[in-house]
Amino acid sequence: MQTLPLFPGDTDNEAVGISAEGVIVGNGRAMGPEGPIAHGILWRQGNPVDLKTLIDAPGWVLQYVAARNPAGAIVGLGKIDGQTHGFLLIPTPDDLPTAPEPVPRVVRYLYPRQHHRLSLPRFE
């Protein structure tokens with residue numbers, strides 16, 4: 001077992017999924033003025049990154065990551081316009097160039113009857 005480093009400002013964290021390449025997804029919590037504040041985290045090579053900083057989704061607050069599948073899709077719960085909704089971040093392999101360095105990965109989130117394309121760095 002290995003301890004994952006905390007995201008700056010967090011008081012605790014949890015991992016919920018890991019890829020064959022070692023990319024880990026999970027959740028972090030910090031204390032806010034009105035109680036705990038949760039957010040999704042992705043660890044790459046042991047370094048925590050707030051999942052929200054990796055996507056372009058104005059208005060979304062990604063509060064809880066539930067899982068990551070072997071294809072890289074991430075599911076969880078978040079808020080937009082003050083309402084809680086599920087989110088699904090889907091990597092789109094046909095948009096990926098072949099490169100050894102991290103490259104942009106295109107994902108989308110599902111919001112009732114809308115599809116939006118977002119950018120998520122490739123970490124494999």
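The values are calculated or read from the model by the stated rules, or taken from the named source; none is laboratory data. Keep in mind that this is a model prediction, so the values were computed, not measured. With ideal geometry, Cβ positions are generated from the backbone for all residues, glycine too; neighbour counts draw on all protein chains shown.
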**Asked** Is it the case that the stretch 3-10 has a residue that's among the charged types (D, E, K, R), touching a strand residue (DSSP E or B) at 6+ places or on another chain (Cβ under 9 Å) and closer than 23 Å to ILE90 by Cβ?
**Response** no
**Request:** Spot the failing condition for MET1; the list is (1) surrounded by 11 or more Cβ atoms within 10 Å (Cβ to Cβ); (2) farther than 14 Å from GLY76 by Cα, and only one is missed.
**Result:** (1)
**Asked** Among (1) crowded, with 16+ Cβ neighbours inside 10 Å; (2) over 24 Å from GLN2 (Cβ atoms), which single condition is GLU34 missing?
**Response** (1)
**Item:** Filtered residue count, the stretch 54-82, keeping only those that are assigned to a loop (DSSP other than H, G, I, E, B), within 10 Å of the chain's Cα centre (by Cα) and touching a residue at least 60 places away in the same chain (Cβ under 8 Å)
**Value:** 1
**Prompt:** Does the stretch 1-21 hold any residues that are more than 14 Å from ALA38 (Cα to Cα) and in contact with a Pro (Cβ under 8 Å, 6 or more places away or on another chain), and which are they?
**Reply:** LEU4, PRO5, SER19, ALA20
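Only one of ALA38, ALA20, ALA15 is in a loop (DSSP other than H, G, I, E, B), under 21 Å from LEU89 (Cα atoms) and not polar (S, T, N, Q); which? Spell out the reasoning first.
Details: ALA38 fails: in a loop (DSSP other than H, G, I, E, B); ALA15 fails: in a loop (DSSP other than H, G, I, E, B).
Every option except ALA20 fails the conditions.
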**Complete:** LEU51 fails exactly one of (1) modelled with pLDDT of 90 or more; (2) surrounded by 13 or more Cβ atoms within 10 Å (Cβ to Cβ); (3) within 11 Å of the chain's Cα centre (by Cα), namely (1)
**Complete:** Conditions (1) of a type outside the set (Val, Ile, Thr); (2) touching a strand residue (DSSP E or B) at 6+ places or on another chain (Cβ under 8 Å); (3) modelled with pLDDT under 85 -> GLU101 fails only (2)
